[in-house]
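Undergrad: Take this structure, written in structure tokens, and hold onto it; I'll ask about it next.
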Amino acid sequence: MSPYTLQKYTEFTSKRAIWSTYTDANKVIQELDEFLAQVNAELPNQALDLEQEQLFWESSVRMGKFEYIFWTPGDVDLKKIRLELKDQMKRNKAFIDKRKKAKNTAPLLHMISGDVTGCYITFSIAAAIFRGYSVKTHYEDAIEGNKDIWAAHTGLAQWYFYAPGICGGSNKKAGKHFKAAVDCSKTDADKFYTYIYYSQFLFEDKQKDLAADYLNKAEKLYPGNRLTKQIKELNAKNVSFLQYNREHTGVDSNN
């Protein structure tokens, strides 16, 4: 990845956290599209690997939209979202498979491909069975290339948390990677997300006081954000963010 993309990714993560304070979904979608247009205008002159960096940014913006819509109440066309994720997943996979022999896929593309694939398969048991292990592989490849990508640790932690034990799931390994994500987070935005996920693992682990401490630390970084507010409401009902994610996505009829 070029220095330009790395710098813009730091900016993008910060914007994601700021967008969590917005209440207007249309405004978020508009700013995501504007961000992508700005990046795409500069990439031909800045990119070290244009095709790979374009895939990374398309994936990142698509995931940004999914993240906001997922947490915004209202009618959502899940079928449309899933089809978009499926298209992105296939294009990313085709690129990564093409580069497999050269082993020159960037860790960040592996990471975001794990996110895209992971979100896609949550809508279908069949997809989860068929593609679930590839999610783990994407995150492992990302960490192998750069052990300090907090989002890859968070993604791998969730894989271990949600996967059945017979398939390799492990709460112990999940906790290890949630904590690793916290340890390698650098910016306020990085910490915002890693604190949230780690807090909810702690909540599941019955360490509710420590979970509340981490959630409060995240809230202080971005006061007024919708995410910690909604998670606190869930926790008050004895439901974790991780549990909510599993039950909220579920399985639709669009297999």
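Undergrad: From Lys79, Lys65, Lys98, Lys90, which residue is more than 25 Å from Cys184 (Cβ to Cβ), in contact (Cβ under 8 Å) with a residue 60 or more places away in the chain and open to solvent by 50 Å² or more (accessible area, probe 1.4 Å)?
TA: Of the residues listed, the single one that is more than 25 Å from Cys184 (Cβ to Cβ), in contact (Cβ under 8 Å) with a residue 60 or more places away in the chain and open to solvent by 50 Å² or more (accessible area, probe 1.4 Å) is Lys79.
Undergrad: Here's something else I'd like to know. Among residues belonging to the stretch 1-25 that are closer than 18 Å to Pro107 by Cβ and assigned to a loop (DSSP other than H, G, I, E, B), point out the one that is most open to solvent (accessible area, probe 1.4 Å).
TA: Among those residues, the one meeting the criterion is Met1.
Undergrad: Taking only the stretch 1-30 into account, find how many residues are modelled with pLDDT under 95 and in contact with a Ser or Thr (Cβ under 7 Å, 6 or more places away or on another chain).
TA: 1
Undergrad: Here is a follow-up. Criterion first (in a helix (DSSP H, G or I), touching a Lys or Arg at 6+ places or on another chain (Cβ under 8 Å) and crowded, with 18+ Cβ neighbours inside 10 Å) does Leu55 satisfy it?
TA: yes
Undergrad: Within the stretch 26-37, which residues are farther than 15 Å from Arg62 by Cβ and either buried (at least 16 other Cβ atoms within 10 Å of the Cβ) or of a type in the set (Lys, Arg) (or both)?
TA: Passing the criteria: only Lys27.
Undergrad: Tell me, yes or no, whether the stretch 131-153 has at least one residue that is in a loop (DSSP other than H, G, I, E, B) and at pLDDT below 70. Walk me through how you get there before you give the answer.
TA: Taking the stretch 131-153 as the starting set, the residues that turn out to be in a loop (DSSP other than H, G, I, E, B) are 146-149.
With the extra rule that they be at pLDDT below 70, the set shrinks to none.
No, the stretch 131-153 has no match at all.
Undergrad: Under the condition of being in a helix (DSSP H, G or I) and either out of contact with any Lys or Arg (no Cβ under 6 Å at 6 or more places or on another chain) or modelled with pLDDT under 85 (or both), which residue from the stretch 157-171 is least open to solvent (accessible area, probe 1.4 Å)?
TA: Top of the filtered list is Ala157.
The values are calculated or read from the model by the stated rules, or taken from the named source; none is laboratory data. All figures in this text were calculated on a predicted structure; none of them were measured in a lab. With ideal geometry, Cβ positions are generated from the backbone for all residues, glycine too; neighbour counts draw on all protein chains shown. Side chains included, ligands, DNA and RNA excluded: accessible areas come from the protein's heavy atoms. Shrake-Rupley method; radii C 1.70, N 1.55, O 1.52, S 1.80 Å.
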